[in-house]
Amino acid sequence: MKTHRISTTISQKHWELLKKHTEEFETQQKVLEIALESLEKSSKQSPALTEEERIWLTQRSMKTICSILKDSLKILLETVNIEMFNEYLNKYKPLEYMMEYYFQKPLKEISLKELLDGIVITAGMSNWFDTIDNTDDDDHYTLLITHSLGLNNSKLNRMVIEDSLETYGVKVESTISEKTIFMKVYKN
């Protein structure tokens, strides 16, 4: 077996760990070889995060996850002040912030397809909706959302999504009902 000589410096903390494990494994060489093999094995065993896992971690780090029973949410939505919520949207742009944080780039650098995919994924994970689908229909994308949280949920989420898409610079046509949000998002 061919061997290679290395020389490096390590912190006091890691020096203490090396000394501790040298007692167990007899040589510093053996400790380093075992540590490297362990790193290799763990990197092969750890699959890449799924898109959903990345979103969960993003939402967790942004502190946007908040557990609430859907019935309680429905009551809150039925009594929400729509005008006050609109002021909040105009000031803080929460969906835009979430998309920029998730994609790690400014809104204008995110492609329209990425933006819509991000909206579908994050909206789906919020559990506010029963279904959320996005289709590419030649000159526009179609976003169809169904839910059971009432008309104010449709109003609020239409406002959130439209505001972000209009800030992004695309034309949006929406139709809402008590249980659906239907949007045509035109490509530039």
Report task. Over the range 122-188, calculate the relative contact order: mean separation of alpha carbon pairs under 8 Å at least 6 apart, over the residue count, as a percent. Result -> 33 percent
**Report entry** Hz values of 3J(HN,Hα) by residue in the range 74-86 - Karplus curve (6.51, -1.76, 1.60), Gly and Pro given as x
**Finding:** 4, 4, 4, 5, 5, 10, 5, 8, 4, 5, 5, 5, 4
Query raised in the report: When the accessible area of the chain is split by element with a 1.4 Å probe, what percent falls to carbon and sulfur?
Result: 54 percent
Query - Normalised contact order of the chain, rounded percent, pairs of Cα under 8 Å and 6 or more residues apart - result: 17 percent
Query raised in the report: If you bin every alpha carbon distance in the range 30-135 into 10 Å steps from zero, what whole percent lands in each bin?
Result: 11, 30, 31, 14, 8, 4, 1
Requested in this report: Only Lys, Arg, Asp and Glu count, each charged at its Cβ (+1, +1, -1, -1), so figure out the dipole size of the chain about its Cα centre, rounded to 20 debye.
Outcome: 720 debye
Report summary line: From the cross-link list LYS70/LYS108; LYS13/LYS63; LYS113/LYS171, the entries with a Cα-Cα span beyond 25 Å are LYS70/LYS108; LYS13/LYS63
Query raised in the report: Given the protein chains as shown and a 1.4 Å probe, how many square angstrom of GLU24 are accessible, to the nearest 10?
Result: 120 Å²
Query raised in the report: Which longest run of the chain has no exposed loop site in it, a site being trypsin sites (Lys or Arg not before Pro) in a DSSP loop with at most 16 other beta carbons within 10 Å, and the site itself not part of the run?
Result: 64-170
Query raised in the report: Each residue of the range 127-140 in order: what ³J(HN,Hα) in whole Hz does its phi give by Karplus 6.51 cos²θ - 1.76 cosθ + 1.60, θ = phi - 60°, with x for Gly and Pro?
Result: 6, 7, 10, 7, 9, 8, 10, 9, 10, 9, 10, 6, 8, 8
Report task. Tell me which label goes with the value of semi-axes √(5λ) of the Cα gyration tensor in Å computed from the coordinates here: [x] 24, 20, 17; [y] 36, 18, 12; [z] 50, 20, 16. Result -> [z]
Report task. Grab the DSSP H runs of the chain that are 4 residues or longer, score each as -39,500 (n - 2.57), total them, divide by all residues and round the 222 nm result to the nearest 500 deg cm²/dmol. Result -> -18000 deg cm²/dmol
Requested in this report: Can you find, among LEU77, ASN157, TYR97, the residue farthest towards the positive end of the dipole of the chain? Put +1 on the C-beta of Lys and Arg, -1 on that of Asp and Glu.
Outcome: TYR97
Report summary line: Helix 28-45 sits off the longest principal axis of the Cα atoms of the chain, rounded to the nearest 10 on a 0 to 90 degree scale, by 20 degrees
Query raised in the report: What ranking of MET99, MET84 comes out by heavy-atom accessible area, probe 1.4 Å, highest first?
Result: MET84, MET99
Query - Segment VAL120-ASP133, length gained on full extension (0.36 nm per residue, minus Cα span) - result: 4.0 nm
Query - Residues of the range 76-179: accessible area per residue with a 1.4 Å probe, Å² - result: 52 Å²
Report task. Would you mind checking the tilt of helix 112-126 against the longest principal axis of the Cα atoms of the chain, expressed as 0 to 90 degrees and rounded to 10? Result -> 90 degrees
Query - Mean projection area, nm², convex hull over Cα of the range 1-73 - result: 9.5 nm²
Query raised in the report: Mind listing the phi-derived Karplus ³J(HN,Hα) values for the range 152-158, rounded to whole Hz, using 6.51, -1.76 and 1.60 with θ = phi - 60°, and x for any glycine or proline?
Result: 5, 5, 4, 4, 5, 6, 4
Query raised in the report: Roughly how many Å is it from the Cα centre of the range 60-115 to that of the range 1-45, as a whole number?
Result: 46 Å
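The values are calculated or read from the model by the stated rules, or taken from the named source; none is laboratory data. As the structure is a computational prediction, the values presented were derived from the model and not from experiment. We place every Cβ from the backbone using ideal geometry, glycine too, and count neighbours over all the protein chains shown. Accessible surface areas use protein heavy atoms only, side chains included; no ligands, DNA or RNA. Shrake-Rupley method; radii C 1.70, N 1.55, O 1.52, S 1.80 Å.
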